[in-house]
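The values are calculated or read from the model by the stated rules, or taken from the named source; none is laboratory data. Just so it is clear, the structure is predicted and the values come from calculations on it, not from any experiment. We place every Cβ from the backbone using ideal geometry, glycine too, and count neighbours over all the protein chains shown. Protein only, heavy atoms only, side chains kept; ligands, DNA and RNA dropped before computing areas. Shrake-Rupley method; radii C 1.70, N 1.55, O 1.52, S 1.80 Å.
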Amino acid sequence: MNHNPVWLALDLPRLDSAEELARKVSGHIGGLKLGLEFFYAHGHHGVHEIHKIGLPIFLDLKLHDIPNTVAGAMQSIHVLEPSIVTVHAAGGRAMMEDAKAAAGEHCKVVAVTVLTSLDSDDLAATGIHAAPHDQALRLAELAHAAGVDGIVCSGHEVAAVHDQWKDGYFVVPGLRPADSKTSDQKRTVTPREARDAGASVLVVGRPISRAADPLAAARAIEATL
Ligand code: C5P
């Protein structure tokens, strides 16, 4: 595995476009993230095709079911040799333990804590009366206790979780380069800030995939690290 912490989210509906983009920037990223749209559209065949590019694969499948079913799903994807797979921490300790036990030897299991699309009101509507940040830290503790490798968290939480889990593997999405158009609109974190706060993997999608020149965008991000 190379040591570039930037992994490209290949959130493109077409397999040929995803392959083309990945090949174009492959020298300037550390791995490729394939999510639900890709996996449901292209399945094992699509993952095998993307593997040919020669970069490690992150299957962002966000598994959440009873422990036995999640363990079975993990076994069904062994053949794809993913380097990282996601599960939902809300699935509970036994589910995470069984997911880790069923994962391949070289596969990191990483738990999603609180989706960034949920605010306190959304959590309260599901019976969780905690701020998203506090709930994320609580689920991070549970994931740690369950023996998975790390969690997915926002750039705003990574420093706090890193403090309580020194050797955790932290996957951080939702990043925007300093010159990005959205950076003055939202509370964004740059790839460099996230890495300095303890992120292990920096997930970058649209700042590269929707750039007029994806190769230049990937190079520019790499140069900041
Ligand atoms: O926003 P961007 O296109 O860089 O997102 C890249 C990936 O990160 C997406 O595949 C999305 O699933 C994930 N993401 C996330 N939480 C966010 C923003 C993006 O999990 N707040």
Check your understanding: Can you find a residue in region 35-58 that is open to solvent by less than 30 Å² (accessible area, probe 1.4 Å), hydrophobic (A, V, I, L, M, F, W, C), within 16 Å of the ligand (Cβ to nearest atom) and within 21 Å of Val158 (Cα to Cα)?
Key -> yes
**Study point:** Tally of residues being modelled with pLDDT of 95 or more and over 24 Å from Arg23 (Cα atoms) across region 168-186
**Key:** 3
Check your understanding: Restricting the search to region 112-130, which residues are farther than 28 Å from Met74 by Cβ, in a helix (DSSP H, G or I) and either hydrophobic (A, V, I, L, M, F, W, C) or within 18 Å of the chain's Cα centre (by Cα) (or both)?
Key -> Ala124, Ala125
Review point. Can you find a residue in region 105-113 that is out of contact with any Leu (no Cβ under 9 Å at 6 or more places or on another chain) and small (Gly, Ala, Ser)?
Key: no
Study note, to complete from the structure: In the set His162, His156, His133, the lone residue that is within 16 Å of the ligand (Cβ to nearest atom), open to solvent by 20 Å² or more (accessible area, probe 1.4 Å), in a helix (DSSP H, G or I) and under 21 Å from Pro191 (Cα atoms) is His133
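Which ones in region 136-153 are in a loop (DSSP other than H, G, I, E, B) and open to solvent by 20 Å² or more (accessible area, probe 1.4 Å)? Can you show your working first?
In the first step, residues of region 136-153 are kept if they are in a loop (DSSP other than H, G, I, E, B); the result is 147-149, 153.
Selection gives Gly147, Asp149.
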Review point. Gly174 versus (1) open to solvent by 20 Å² or more (accessible area, probe 1.4 Å); (2) in contact with a strand residue (DSSP E or B) (Cβ under 7 Å, 6 or more places away or on another chain); (3) within 10 Å of the ligand (Cβ to nearest atom): which is the lone unmet condition?
Key: (2)
Check your understanding: What residue, among those in region 61-73 that are of a type in the set (A, V, I, L, M) and closer than 10 Å to Val87 by Cα, is surrounded by the fewest Cβ atoms within 10 Å (Cβ to Cβ)?
Key -> Leu61
Exercise for review: Show the residue pairs that are 6+ apart or on different chains and have beta-carbon atoms under 7 Å apart, the first residue being within region 187-216 and over 19 Å from Arg23 (Cβ atoms) and within 11 Å of the ligand (Cβ to nearest atom), the second being open to solvent by less than 10 Å² (accessible area, probe 1.4 Å) and of a type in the set (D, E, K, R).
Suggested key: none
Check your understanding: Has region 74-87 got at least one residue that is within 16 Å of the ligand (Cβ to nearest atom), under 19 Å from the mean Cα position of the chain (by Cα) and open to solvent by 30 Å² or more (accessible area, probe 1.4 Å)?
Key -> no
